[in-house]
1. Can you give me the number of residues within region 153-185 that are out of contact with any His (no Cβ under 8 Å at 6 or more places or on another chain) and in contact (Cβ under 8 Å) with a residue 12 or more places away in the chain?
2. Pull up region 139-161, narrow it to residues that are modelled with pLDDT of 90 or more and among the charged types (D, E, K, R), then point me to the one that is nearest to Asn214 (Cα to Cα).
3. Among the residues of region 19-37, is any modelled with pLDDT under 95, assigned by TED's automatic domain parsing to the domain that holds Glu226 and among the hydroxyl-bearing types (Ser, Thr, Tyr)?
4. How about region 162-270: which helices (runs of 4 or more DSSP H) wholly inside it have at least 2 residues that are over 20 Å from Leu57 (Cα atoms) and modelled with pLDDT of 80 or more?
5. Return the pair list, or none, for Cβ contacts closer than 8 Å from residues in region 6-25 that are closer than 23 Å to His111 by Cα to residues that are of a type in the set (Gly, Ala, Ser) and part of a strand (DSSP E or B), at least 6 apart or on different chains.
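The values are calculated or read from the model by the stated rules, or taken from the named source; none is laboratory data. For clarity, every value in this text was computed on a predicted model and none was experimentally measured. Methodologically, a virtual Cβ is constructed for each residue, glycine included, from the backbone with ideal geometry; neighbour enumeration extends over all protein chains shown.
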Amino acid sequence: MDSLEQFYKKNCELIDDNLVLLKTDFEKIQINVNDNTYCEFRYLHLKNLVRFLNPKLNLNRQSTPQISNDELEMEDLDQALEMVATMEAPAEKIDYKSMQEMLPLYFLPSHIEREIKNITCGNKRRRIDHRIKKILPETFIESLNLQFAEKQDEEVIINYDLRAHHSISFFKFYKNDEYNECVDPDEIEKKVNEVKYKLNLKFVESMEHYFVGNIDIEIGLFERDEHEHSDNPLYYHFNLWKLDGRDLGMIVRDFSLYPFNKEVIESEHR
């Protein structure tokens, strides 16, 4: 397996002795190869990773449609309210079959997720980030008549200090210390339950479903957050910058979907 130094030389564009550019599917990320704080927290392969599924990325959600000016000017308020009430509201549950078909959408960087949520949970239909056009099904684009902003000639370069906001998030859970990780699915599920019911983390939008799997092929660069972690239960958050051109299916094929099981933690308090 390649070392980090080999990875930088083979996959990154050299800026100077400290900085390289790692090209992802959406932009180039600055990486400081001599940052002592994070160098020891970087990896090319990791196992027993947890990826939480965000239900707001479900393309089958039906966002409340925009109301035209004519409809807003209706004199009969009761009639207007009745019309709004009959509009189909977004469903919070995800259909398992459709979710399987859209698996790659659940392994996207956080800033791209936000762009999709602006469509599925809002009414954004125009001047959509051109970078997500290639990952949305054509039928979905046509059904909502989505219009995308013009592609910029210059490539977007993300400053090193902002890199975490442009990554794919994963978590790893541990038993007692950072060298004793959870490997059994039931053990991982128990830890996830503890996080949901004891810590009530705000940065995870939904923990009802999650994926557990390994990334043991060279698909990008991992970096463990220094501060985003918990001691009880012990877990760490990892950022992944996936290399441009690597098939996203190479990630999802080694991940299994686990339902959230509330009974595991409830049994502990009986």
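1. Qualifying residue count for the region: 20.
2. Asp161
3. yes
4. Here the list reads 185-194.
5. If the second residue must be of a type in the set (Gly, Ala, Ser) and part of a strand (DSSP E or B), the pairs left are Leu22/Gly220; Thr24/Gly220.
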